[in-house]
Each structure stands twice: as structure tokens, then as C-alpha cells.
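Asks: One structure, pasted below without further comment.
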Amino acid sequence: FQSASCNMRVTCLIAALVLCCKCSALQPQSSGLHLTSVTDKYISGTFTDYSNGNGIRFICAPESIFIATLDNRIIVDIGKEVYSDETESDRIINVEGWTFLHHKGSSGKKDIRITTGDAYKISSAADDTEKLSAIKDVMDQAEKQDMNTHKESVHSSLETFLDDPHTKLIVEAATIMGKVEGLYGSQYPILLPFYATALRLDEATNGQNTSLNMQQLEEEEEENEDREKRYTCDSYSTCPPCQNNECLGMCGPGCWWCWSWICGDCCYYTGCYYHDVCCGEEYWSWSCIIPFGFSCHGYYYCY
């Protein structure tokens, strides 16, 4: 009888442990990050600031980024490119409620502010032919307007984006995904635009967007500084990047801060170099602050 009772207690204990494990697996991590899907083609999740209940949800997929608040206010929505030929392409961009048609072609680039109706007409087109026809109609109308108005709208949307308190959560989420969860951009390229955006947001506030930076990576930073003091170079493409050239090509601001989880280490990368140069030339641009199309090894077009 005692043996049967003991077996029953053991069985109940095992069942309780299994149930507990299943429950905890469904709960967000204590950091506030909850990843709902992780594949090489699709990564999604949420990040919540438990101190105030604010949060974001995000989706990273090939050629697109989506970030919104938990109550579904869109922060960033970058759609896929539609190509009319090898040199001409268009995509819809929504930033903080401002909607644009971004045109890239042999004659240069244009950012046209459009209405939600125009955006719906383009995105709901049955096929690329119908979509390109809708895009042409929007572009023809834009040619009749003052292009400076559209440029000012881009500037205003990016200012609103940088001032949004939820950008802090984007930085926190990216830092934990890379540094804690080990989701490196070199292994998951679809995360690269998300990470590069978070890095730019962190740089814009001089690293004040996240409390994780100085606390968790202080030792790594000191190690990098000691190494840089002993190192001199004449070329950009070195490892570590040349401090004489402000470490252009390293994923991080200057020589003092490296986000190693973007490309896998703190070496020189072609994509990081051209992104650095792009931000020096056109800070108030999509290509600097929200760099979709970014990759570590490829040429980065400052669109």
C-alpha cells in the first residue's frame, strides 16, 4: 500500500513538473522578449516593458520590416519592392502614419508622400502589371506637385520616428535578440535591416536608448578600446577596422561601440562601410535610419 501511495505521489509530481514546464514555455522571457517564430525566412515576436506595459510587435521577412505597438499603431512598415525593369523599382513605406512611395531608378530616387487610398490601390492590385499601372498614376500626379513638400514630409516622418518613445523598445529587443538569444545577423540575414535600424536609433541618442548597453557589455568595450590603442593602420578593410579612419565599416558608432551580433564580429564589413558613408552624406534618409536592403558583405546603395 505504501509503495502504491509512493508511486502515485511520484506520478503526480512528474505530471505537475511537465505541466509547469509547458506553462513556462508559453510565457514571455523575463527580459520582456517573446519570440513567436524563428526561421531563416520569418522571425516575429513582441517586446514588453514590464515597468509601464508599453510594448512592440515585430515581423522580419525577406525585403520587409513591420513594427507596431501592442495596440496596433504602425511604427514602421516597409513593403517589398516591385520591379518594372532591372533598374527601376518601387515600394510603399509607412512610418509613424506617414505613407510614401519610394521610387528608385537610373535617374535617381524619389520619395512621394501618398494617401492611404493610393497605398491601398497599389498594394491590392491583382498582379504586377496592374500594380505598376497604379504606381504610374501616383507618380504622374506627384510630378505636378512641389517635390520639396515631399522631402519635408520624409524629414518630418523620420523626426517623429526618432522621437517615438517606443524606439527604446526596438533597441532593447534587438540587443537581447542578438546578445542574449544569439540570433546573429550573419546566421539570420532577414534580421539585418531590423538590427541596423536599432543600431541607428541607439546611435541617435548616444547609446542612451537602452540600459543594457553599458551594463552588460562594459568589459567587451574596454577590451576593444585596449586593442584599438595598440593598433595602427592605413587601410579601411582591416580587422579591427582602422581607428585612424574612425573605424568605418564596423557595425557601431566610431571605434567605441560594436554591435557584434549584426555581422558576427567587430571586423570591417562592406555593407557597414557603405552604410556609414551613406549616413555621413544623407542622414535624413530611409537608407541611413531605416536601412532595408542592408547586408554585411554586399554593396549598400544609398537610395
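Laboratory data are not the source of any read-out in this text; all were calculated from the coordinates shown. Fair warning: this is a prediction, and the values are worked out from it, not measured in the lab. We place every Cβ from the backbone using ideal geometry, glycine too, and count neighbours over all the protein chains shown.
Asks: Given 0.36 nm per residue, what is the gain on full extension from residue 54 to residue 120 after removing their alpha carbon distance, in nm?
Replies: Going from the current span to full extension adds 20.9 nm.
Asks: Can you give the Kirkwood hydrodynamic radius of the range 52-204 from its Cα pairs, in Å with one decimal?
Replies: Mean inverse Cα-Cα distance, inverted, gives 16.7 Å.
Asks: Checking the cross-link filter: which lysines have an alpha carbon closer than 29 Å to that of residue 179, excluding same-chain neighbours under 8 positions apart?
Replies: 22, 41, 80, 168, 229
Asks: Separation of the range 143-179 and the range 50-66 by C-alpha centroid, Å?
Replies: First find each Cα centre; the distance between them is then 14 Å.
Asks: If I model a spin label at residue 186 and residue 109 as a point 7 Å from the Cα along the Cα→Cβ vector, what separation in nanometres do I get?
Replies: For residue 186 paired with residue 109, the spin-label model returns 2.8 nm.
Asks: With the Cα gyration tensor of the range 34-88 giving a ≥ b ≥ c as the square roots of its eigenvalues, does the rule (a/c under 1.5 for rounded; else a/b larger than b/c for prolate; else oblate) give rounded, prolate or oblate?
Replies: Verdict is oblate for the range 34-88.
Asks: Here's another thing I want to ask about it. Under a crude label model (7 Å from the Cα following the beta-carbon direction), how far is residue 146 from residue 84 in nanometres?
Replies: 2.6
Asks: Tabulate in residue order the Karplus-calculated ³J(HN,Hα) for the range 166-177, using 6.51 cos²θ - 1.76 cosθ + 1.60 with θ = phi - 60°, rounded to whole Hz; enter x for Gly and Pro.
Replies: Working through the residues one at a time gives 6, 5, 4, 6, 5, 5, 4, 4, 5, 5, 5, 4 Hz.
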